[in-house]
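Have a look at the structure below, then the notes.
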Amino acid sequence: MRFRRKSVDAPPEPAVEREEPVAMEAAGLSGPYDAADVADDDVDRVDLGSLLITPEPDRELRLQVDEASQVVQSVLLAGPDGALELRAFAAPRHGELWPEHRQHIAAETARHGGTATEREGRFGTELVCQRPLRRPDGKVGLQPSRVVGVDGPRWFLRATFLGRPAVDPDDAADWEETLAHVVVNRGSHAMPPGDALPITLPPEVRRPS
């Protein structure tokens with residue numbers, strides 16, 4: 001899988017990556033997975049620290065990097081018809097973060113003049129959002145997104161679908177499978193609930209010092 005560094009402010013680019021699919025199944029489990037659940041399944045994954053990603057055809061892996069701090073903000077899996085943004089957070093041993101995050105996302109969307117509607121999907125309650133976005137030509141349009149939250153063992157995964165899987169969620173099974181293949185590696189170190197789990201920039205895409 002080819003990596004691409006992206007500034008968090010950079011516009012999306014078309015994906016051109018083509019790879020043979022890599023099978024990933026964990027018997028009796030439904031992803032996204034915890035790292036402990038797939039430790040011995042022998043699936044080849046890209047290790048990004050807190051996120052382990054299975055290469056798939058028509059999916060290009062992009063790392064959204066804050067240029068000022070050089071910290072990886074999120075992972076973006078991009079395809080010809082859409083994208084999936086992934087962020088993982090520390091969570092308490094007992095309790096869920098998704099209800100609180102859902103309210104926060106809905107409030108932020110409304111504050112920017114958009115709308116957020118709840119629906120039930122494969123991963124439970126999710127948000128379908130429409131948010132105003134200024135286009136390069138200066139006109140303002142609406143950017144659709146679909147936000148899914150998954151509460152795991154001491155971690156929380158926020159996944160945002162863009163493009164076709166956001167506009168037509170009933171025809172997005174392939175993108176939902178991409179999300180289901182994601183593995184979260186929480187680690188054993190103590191972290192306050194809600195703090196972002198670190199995403200490791202692979203050596204081959206680090207800039208020389």
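The values are calculated or read from the model by the stated rules, or taken from the named source; none is laboratory data. Quick caveat, the model's predicted, so the values are computed rather than measured. Virtual Cβ from ideal backbone geometry, glycine too; neighbours counted across all protein chains shown. For the accessible areas, the whole protein counts, side chains as well, though only heavy atoms, and no ligand, DNA or RNA atoms are used. Shrake-Rupley method; radii C 1.70, N 1.55, O 1.52, S 1.80 Å.
Give me the accessible area per residue for segment 123-209, probe 1.4 Å, as a whole number in Å².
Heavy-atom SASA per residue in segment 123-209 reads 51 Å².
To the nearest 20 Debye, how big is the dipole of segment 36-185 about its Cα centre, given +1 on the beta carbon of each Lys and Arg and -1 on that of each Asp and Glu?
Numbers: 17 positive and 27 negative charges, 189 e Å.
The dipole of segment 36-185 has a size of about 900 debye.
Accessible area of Ser69, 1.4 Å probe, to the nearest 10 Å²?
60 Å²
Magnitude of the Cβ-charge dipole of segment 121-204, K/R +1 and D/E -1, about the Cα centre, nearest 20 debye? Don't skip to the end; give the middle numbers.
Details: 10 positive and 11 negative charges, 84 e Å.
I would put it at about 400 debye.
Taking 0.36 nm per intervening residue step and subtracting the Cα-Cα distance, what contour gain separates His104 from Asp40 on full extension? Let's see the in-between values first.
Details: separation 64, 0.36 × 64 = 23.04 nm, distance 3.70 nm.
Working it through step by step, the gained length comes to 19.3 nm.
About the Cα centre of segment 66-148, what is the dipole size in debye to 20, counting +1 per Lys and Arg Cβ and -1 per Asp and Glu Cβ, all else neutral? If you can, show how the numbers build up before the last one.
Working: 11 positive and 11 negative charges, 39 e Å.
Dipole about the Cα centre, nearest 20: 180 debye.
From the square roots a ≥ b ≥ c of the eigenvalues of the alpha-carbon gyration tensor of segment 53-209, which class results: rounded (a/c under 1.5), prolate (a/b over b/c), or oblate? Can you show the working numbers first?
Numbers: a/c = 1.38, a/b = 1.14, b/c = 1.21.
Rounded shape, in that the Cα axes give a/c under 1.5.
Return the loop-located trypsin sites (Lys or Arg not before Pro) in segment 34-102 (DSSP other than H, G, I, E, B) with at most 10 other Cβ atoms within 10 Å of their own Cβ; answer none if there are none. If you can, show how the numbers build up before the last one.
Numbers: sites: Arg45, Arg59, Arg62, Arg87, Arg93, Arg102; in loops: Arg45, Arg59, Arg93.
Listed in order of number, the matching sites are Arg93.
Quick check: residue separation of Ala173 and Arg135 times 0.36 nm, minus the Cα distance between them. What number comes out in nm?
Values: separation 38, 0.36 × 38 = 13.68 nm, distance 2.90 nm.
Residue separation times 0.36 nm, minus the Cα-Cα distance, leaves 10.8 nm.
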